[in-house]
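Contents: one structure, followed by commentary.
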Amino acid sequence: MEHAQEYEACLEQTQRYSVERPIYNQELLQEQLHRRERTPQTLRQKIAHSCRCSSKKAKSHLYSFLPILKWLPRYPVKEYLLGDIISGISTGVMQLPQGLAYALLAAVPPVFGLYSSFYPVFLYTFFGTSKHISIGTFAVISMMIGGVAVRQVPDEMISIGYNSTNVTDSLEYYHARDTKRVQVAVTLAFLTGIIQLCLGLLRFGFVAIYLTEPLVRGFTTAAAVHVFTSQLKYLLGIKTNRYSGPLSVVYSIAAVLSKITTTNIAALIVGSTCIVLLLIGKEINLLFKQKLPVPIPMEIIVVIIGTGVSAGMNLSESYRVDVVGNIPQGLRAPAVPEIQLIPAIFVDAIAIAIVGFSMAVSMAKIFALKHGYTIDGNQELIALGICNSVGSFFQSFSITCSMSRSLVQESTGGKTQIAGALSSIMVLLVIVAIGYLFEPLPQTVLAAIVMVNLKGMFKQFGDVTHFWRTSKIELAIWVVAFVASLFLGLDYGLLTAVAFAMITVIYRTQSPQYRILGQIPDTDIYCDVEEYKEVKEYPGIKIFQANASLYFANSESYMSALKKKTGVDPCAILAARRKARKRHAKEIKAANKLRKKATNDVEASVKHEIANDELPVNGKFAGADAGAAEPPPDEQERFVEPRPNIHALILDFAPVNFVDSVGAKTLKSIIKEYKEVGVGVCIASCSGPVRSELTRLDFFDTAVPRALLFPSIHDAVLACQGKGGSASQ
C-alpha cells in the first residue's frame, strides 16, 4: 500500500504528456510514411568518386596524413612553449635511462635503446595526433621483442666459424650473437611497422577493440612478471641463459635459483640501493605532486650516481660487475633489414603491432578526453607504422607509448608534440656527444630501473577483487590472459586470451537474460514483472523479451526460454490434445461395446420368452426395459481439449540487433506452433535493419504477414486486446 502511494505521489510531481493516435502495426505505419528517394551508386561510380581529386580534398588528405601542418602554424608560442620545454626536458631525462634499460629486455646492446628513443619519437611529432603521449621504448613490447630475438638466436648458438663451446665466453662470440639479435629486432620492427601502416591505410583502427581492458591488464600483468624474472640475473650479477616460449618464466626462475650461490654481492648491493632510492623518489613525487614544479628525475640521478661509483671504484675490473660497455659515438648509417627473416617472425610481428597500437591508442584517448580534443585511431596506426618501419632502417626496435613517461609529459605542462620532439633531441645529444660517459654504468642499475617501473603493473593484481565484484566474465578474461601469457609466453598467451574473449562474447549471446514484461499502470512503459511490484500483466497476454540478437547460436535457448517463461508449450499442449483424443476415442469404443452387449442380452431374453410361450404384459415383454439401459455417463460428458491460458504472445525485438537464417526459421516456427494452439504472435519494436534482414530472408508470406509487426509494445498490446488474440490468424 505504501509503495502504491509513493508511486502515485511520484507521478503527480512529474511532468505528463498525452498523445492520441491510431493503433499502428508496421504495415499501416509504412503506408503513412514516405521514403526518401536514394539512387544507389554502382561500383564504378563509387570508385570514380573516391578517385576524384580536388584541391580541397587533397588538402584535407595532406592535413590528415601530416597533422603537424595543421597545428604547427597555429602554435601559440607564448602560451605553450615554456610548458613544452620543461615537459620535453623532464621526459627526455626519463627517456635516456629507460632506453638503455629496455634494450636489455629486447636482448640487444643498450645503445640500440637510445636509437629507439630518438628516431621514432622524432617522427611521431610529424605524424601523430595525440598531444600528450610519449612514444618510445616500453617494457612489454621490449620483452616481446627479446623473446623473439632469443628464440631465433639462442645463447647456445655456435656459428660464424665457432666450432667448439670453449669460445662461449669470448667477446667475439657475444658480439656475433648480439649482431644477429639486432638483425632480428630490427627486421621485427620493420615488419611491425609495415603491418601497422597497412592496417591504418585500410582504416582498420577498430582492431584494438578486440583487446578489451581486462585482457590488456591481465596480459600486461603477466608481462610484468616476465620482465621481473628476466631482470633477476642482472640484479644478482648471475650469468644464465635467457629463455623464451612456453614456461620460460619457470625456466628462468629455476636457472637463477640453480646459480644463486654465484651471486655477485657488489652487483646486488648496487642494485638494491638503486631500487630503494627509486622507490623513495617515486613516493616523494607522489606525496608532493602538487608542490613540485616538475617530478624529481630519480632515474637519471641513479644513472649518474651509478656511473660515477662504477667508474670511481672500477667495479667492472675489481668486482666483476657487468657494465653497459661500448656505446658507439654518433649515429649509424641506414641499413636494410634482413628480409629473409620475415617468414619466421611474421606472427610475432602481428602480435606486437596490435599490442603496441592498443597501448598507444588507449593512452591517447585518455588524454584526449581529459584535455578536450580528438584523436584519429587510423592515423595513429599510420604514425606508429611509419615510426617503426622507418626507424628500423636506422637500427631501432619496435616502440609504442610508455605510460610512465606519458604521465610525466602531461603533468609537467606538455601541451603539444613539441615536448616529444625536445625529449628526442636530448637523447640525440647523448648519442652524438656524451654517450661514452655511460659505458661504466652497471647493468644492475638498469635492472633496478626496470623493476621499479613495474610497480604500476603489479598493482593490477588488485583487478582480481574489482572484477570479482563487478563481472565474473571479465574476471575470467583477466585470469585467462594472465595465466596463458605467463606460462605459454606473451605471443601464444595473447592469442589464447583473444580467443577466450571471443568465446565469452558467444557465451553471452548464447545465454542472454529472458524477461516477461508488464505495464506500469496508466502508461505505455513496460518493465520486468519480476523486478517491480507495480508492474502488471494484461490478462491473456504475455510479453517476452530477450536481451540478445536471434541467431544460430541461441535460437534453441530462445525457444526453450520462451516456453518456460510464458508457461505455454505448444508441443506439450498438442501432445496432450492427441492423448485426450485417443482416450476419448477409447471411451467411446468401450461405451459402444457395452451398448452392443446390452442389446444382445435383450434379444436373447426375448427369444427365450417366446420359446416358453410367455405372453406380453400390457403390450410389452417383461425383459424389454433391459434394452433401454442408459448410455455410460462418460459419453454424456462434454469432451474438453487442453487449452493455453493466454490468447496472445508479444515478442519484444527492441534489443535484437540482427537475425540470421536460423533465427528467422526459429521465429517462423514459433508463430506457426503457437497459432496451432490458438495463441496469436506479434513482434514489437523491430528495428529497420532487422526488418530488412527478415525481408531478405523471405520471412514474410501469407502465413506470416507484415501486419504482425508493431512499432511499439503498446501498439501490439492494444491490437491484441481489440482482436481478442487473433493477431497471427
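The values are calculated or read from the model by the stated rules, or taken from the named source; none is laboratory data. All of these numbers come straight from a predicted model, not from anything done at the bench. Please note: Cβ atoms are built from the backbone with ideal geometry, for glycine as well, and neighbour counts cover all protein chains shown. Accessible surface is based on the protein model in full, side chains and every heavy atom, while ligands, DNA and RNA are left aside. Shrake-Rupley method; radii C 1.70, N 1.55, O 1.52, S 1.80 Å.
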Acute angle (nearest 10 degrees) that the helix 213-236 long axis makes with the longest principal axis of the chain, alpha-carbon atoms: 30 degrees
Percent carbon-and-sulfur accessible area, the chain, ignoring ligands, DNA and RNA, probe 1.4 Å: 61 percent
Sequence ranges 280-287, 261-268, ranked by mean other-Cβ count within 10 angstrom, highest first: 261-268, 280-287
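Quick check: net charge around residue 74, other residues with Cβ under 15 Å of its Cβ, Lys/Arg +1 and Asp/Glu -1? Please report the intermediate quantities before stating the final value.
Numbers: positive: 70, 78, 131, 415; negative: 79, 84.
Within the 15 Å Cβ shell, the charges total +2.
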Degrees, to the nearest 10: 139-152 long Cα axis against longest axis of the chain: 80 degrees
Estimated vicinal HN-Hα couplings, Hz - the stretch 109-121 in sequence order (Karplus 6.51, -1.76, 1.60; Gly, Pro = x): x, x, 4, 6, x, 5, 4, 6, 8, 10, 4, x, 5
Structure-derived P(r) over Cα pairs in 20 Å bins from 0, in percent: which label, when the choices are [x] 15, 46, 29, 9, 1, 0; [y] 14, 32, 24, 17, 7, 4, 2, 0; [z] 16, 48, 31, 5, 0: [y]
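Less than 14 Å Cβ to Cβ from residue 524, Lys/Arg counted +1 and Asp/Glu -1: what total charge do the surrounding residues give? Working shown, then result.
Values: positive: 16, 21, 536; negative: 20, 522, 652, 715.
Net of charged neighbours comes to -1.
Based on the Cβ-Cβ distance from residue 534 to residue 702, what FRET efficiency comes out when R0 is 51 Å, to the nearest 0.05? Before the final figure, lay out the partial values.
On the way: r = 41 Å, r/R0 = 0.80.
About 0.80, to the nearest 0.05.
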Summed side-chain charge close to residue 224 - residues other than residue 224 whose Cβ falls under 15 Å, Lys, Arg +1, Asp, Glu -1: +2
Nonlocal amide H pairs with residue 400, under 5 Å, H built at 1.01 Å: 136, 138
Acute angle (nearest 10 degrees) that the helix 377-392 long axis makes with the longest principal axis of the chain, alpha-carbon atoms: 40 degrees
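In the structure displayed, which of 180/365; 282/370; 542/668; 542/586; 533/563; 57/78 lie more than 26 Å apart, Cα to Cα?
Values: 180/365 37 Å; 282/370 24 Å; 542/668 18 Å; 542/586 36 Å; 533/563 23 Å; 57/78 33 Å.
Table pairs above 26 Å Cα-Cα are 180/365; 542/586; 57/78.
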Cα-projected label distance for residue 552 with residue 23, points at 7 Å along beta-carbon direction, nm: 3.9 nm
The stretch 497-545 - percent relative contact order, Cα under 8 Å, separation 6 or more: 33 percent
Within straight-line cross-link reach of residue 589, lysines at Cα separation under 20 Å, skipping those fewer than 8 residues along the same chain: 579, 597
Those residues of the stretch 411-440 whose amide nitrogen sits under 14 Å from the label point placed on residue 174, 7 Å along Cα→Cβ: 439-440
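With both partners inside the chain, how many of the DSSP beta bridges are antiparallel, as a percent to the nearest 5? Can you show the working numbers first?
Values: 13 of 26 bridges.
Taking every DSSP beta bridge with both residues in the chain, the antiparallel ones total about 50 percent.
If you roll a 1.4 Å probe over the heavy atoms of the protein chains, what accessible area per residue do you get for the chain, in Å²?
Heavy-atom accessible area per residue stands at 52 Å².
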Lysines whose Cα lies under 21 Å from that of residue 233, excluding same-chain neighbours fewer than 8 positions away: 259, 455
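Working out 0.36 nm times the residue gap between residue 586 and residue 262, then minus their Cα-Cα distance, what length gain in nm do you get to one decimal?
Values: separation 324, 0.36 × 324 = 116.64 nm, distance 9.47 nm.
Computed gain between residue 586 and residue 262 is 107.2 nm.
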Highest-first arrangement of 99-110, 141-152, 35-46, 465-476, where packing means the average Cβ count within 10 Å: 99-110, 141-152, 465-476, 35-46
Highest average packing first - 480-492, 67-79, 540-552, Cβ atoms within 10 Å: 480-492, 540-552, 67-79
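Can you pull out the chymotrypsin sites (Phe, Trp or Tyr not before Pro) in the stretch 653-682 whose DSSP state is coil and whose Cβ has at most 14 other Cβ atoms within 10 Å?
On the way: sites: 653, 658, 674; in loops: 653, 658.
Here the sparse-neighbourhood loop sites are 658.
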Rounded FRET efficiency, nearest 0.05, which uses the C-beta distance separating residue 461 from residue 75 and R0 of 51 Å: 0.75
Residue 682 long-range amide H proximity, modeled H, under 5 Å: 649, 650, 651
Whole-Hz ³J(HN,Hα) from phi, Karplus 6.51 cos²θ - 1.76 cosθ + 1.60, for the stretch 75-85, glycine and proline x: 5, x, 4, 5, 7, 9, 4, 4, x, 5, 5
